[in-house]
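The values are calculated or read from the model by the stated rules, or taken from the named source; none is laboratory data. Not measured: the values here are computed from a predicted model. So basically every Cβ, Gly included, is an ideal-geometry build from the backbone, and we count neighbours across all protein chains shown. In case anyone asks, the SASA skips ligands and DNA or RNA and just uses the protein heavy atoms, side chains included. Shrake-Rupley method; radii C 1.70, N 1.55, O 1.52, S 1.80 Å.
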Amino acid sequence: MRPGCVLVFCMCISVFLHCAISQPPTETDTYTCAFYPQTPVYSADINECETIPEACKGEMKCFNHYGGYLCLPRSASVIPAPEPPKPIHPSLENTASEPFNPCPPGFEPQGDSCVDVDECEQDSHDCQPSQQCFNTEGSFSCQCPDGYRKVGTECIDIDECRYRYCQHRCVNVPGSFSCQCEPGFQLAANNRSCIDVDECGMGAPCSQRCYNTYGTFLCRCEQGYELGPDGFACNDIDECSYSSYLCQYQCVNEHGKFSCVCPEGYQLLGTRLCQDINECETGAHQCSDGQTCVNIHGGHKCVNNRSCQEPYVQVSDRCTCPITKPGCRDLPYSVVHRYMSITSERSVPSDIFQIQATSVLPGAYNTFHIRSGDDNGDFYIRQINNISAMLVLARAVNGPREYVLDLEMVSVNPLVSYHTRSVLRLTIYVGPHAF
């Protein structure tokens, strides 16, 4: 419908209503409502958003437009149409007669035929500046840009976010929208889906190991390290501070691990235990030909092979005191030297050395006791039978320390008036450690 037809139709309805309302009917009167051309009345647009209290309810926002108003979401944006041009009063219009157009509206004569008028090209359309004019057969249409929809003469922004186009977050902007991803994700090629970001391959700040997970990553440490408070750095674990039983002697902390060390004279057995080095077997001693190497815990001793003192004389591996010598009357007949080594802090009571008679006369009765060297009572003798006894450690001792015990065996045969004594001189070296 052409704009002029709309105006005439509205004026006709107005006159009809005016006649019907202003003249009440009677039984005798008859009325006819004639249409007389009148001068059309033009009015300024009323801003209903200002004149109507609470024109839009709830979260809706009022948008005024020419001849009415719209209630739209507050997130919507509107491209406003410019004010319509003020019409020229009919009395001022150009009354010059236009040439007769025998063609239908939207067409114009061209020779003997009617051709379509391109209102868009001739700029004879009424599309808003924000709209695009499209010529049609006999008319034209006004279309809004992408991302807008037409409401009346206005172009209203389409809130694409409510259609859930985005996998994670949607941000509506005038005429369009954009998708955003949560941390740890990035937009896919379709600009809508979100795909995981491999932070490990992009230089994640893990100091040692990095494991990519869905939407994030994890830092892990090598053995011997622990993850720091920031979740990225790996700090060395001081294993030695956790326990004093990791190493038999001493624990040494290192980067990412620990190691055990042993004192001088010992070697590492496995990774944690210490074992005495037998210098006498390895040849790592400096004993002379006239000496015997005696291995002890943590070291060795060189003892002289001939250690007999007057009035004793060396006979084989022992020292004997002949009864023919006056000085031998009150002394043991023989002295045998033996050597041994024990560790510190040994549990007690503990059997440490067995005494065994090498020769026994028939009918002899043998007794064993500690003749000298045990001033503190750290040892005692437990006789096993007539020919053997056991030296027992009675109290725990700590080294380095050295004992020289004379263990005496007394043989008595009352039938033949036989009485003799022999001594085993036992040198005991107590090592400096409990291993």
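Structural remarks
- Among 117, 172, 136 - extreme Cα towards positive end, dipole of the range 116-172, charges at beta-carbon: 172
- Debye log10 I(q)/I(0) at q = 0.15 Å⁻¹ for the range 348-435, Cα point scatterers: -0.59
- Normalised Debye scattering of the chain at q = 0.12, 0.14 Å⁻¹ gives log10 I(q)/I(0) of -1.17, -1.33, counting only Cα atoms as equal scatterers and leaving out solvent.
- Helical mean residue ellipticity (222 nm; -39500 (n - 2.57) per DSSP H run of 4+; nearest 500) of the chain: -2000 deg cm²/dmol
- In plain terms, the bigger the Kirkwood radius, the slower the diffusion; for the range 178-220, with that radius from Cα pairs, at 37 °C and 0.692 mPa s, Stokes-Einstein puts D at 299 µm²/s.
- P(r) histogram, all alpha-carbon pairs of the range 97-164 included - 10 Å bins from 0, percent: 19, 35, 24, 14, 5, 2
- Sequentially through the range 265-276, phi angles give Karplus couplings (6.51, -1.76, 1.60; θ = phi - 60°) of x, 10, 10, 6, 10, x, 10, 9, 8, 10, 10, 4 Hz, Gly and Pro residues having no value and appearing as x.
- Less than 5 angstrom separates the built amide H of residue 301 from those of 294, 295, 296, all sequence-distant by 5 or more or on a different chain.
- Contact order relative to length of the chain, as percent, for alpha carbon pairs under 8 angstrom and 6 or more apart: 7 percent
- About its Cα centre, the dipole of the chain is roughly 4520 debye, where the only charges are +1 on Lys and Arg Cβ and -1 on Asp and Glu Cβ.
- Whole-Å semi-axes of the ellipsoid equivalent to the range 167-299 (Cα gyration tensor, √5λ, descending): 65, 12, 8
- Accessible area per residue in Å² at 1.4 Å probe, computed on the chain: 66 Å²
- Protection proxy ranking, peptides 199-208, 47-56, 256-265, average beta carbon neighbours within 10 Å, highest first: 256-265, 199-208, 47-56
- Normalised per residue, the volume of the convex hull around the Cα set of the range 237-297 (Å³): 80 Å³
- Where Rh is the Kirkwood radius over Cα pairs, Rg/Rh for the range 300-403: 1.00
- Surface composition of the range 305-435: carbon and sulfur atoms hold 51% of the protein heavy-atom accessible area at a 1.4 Å probe.
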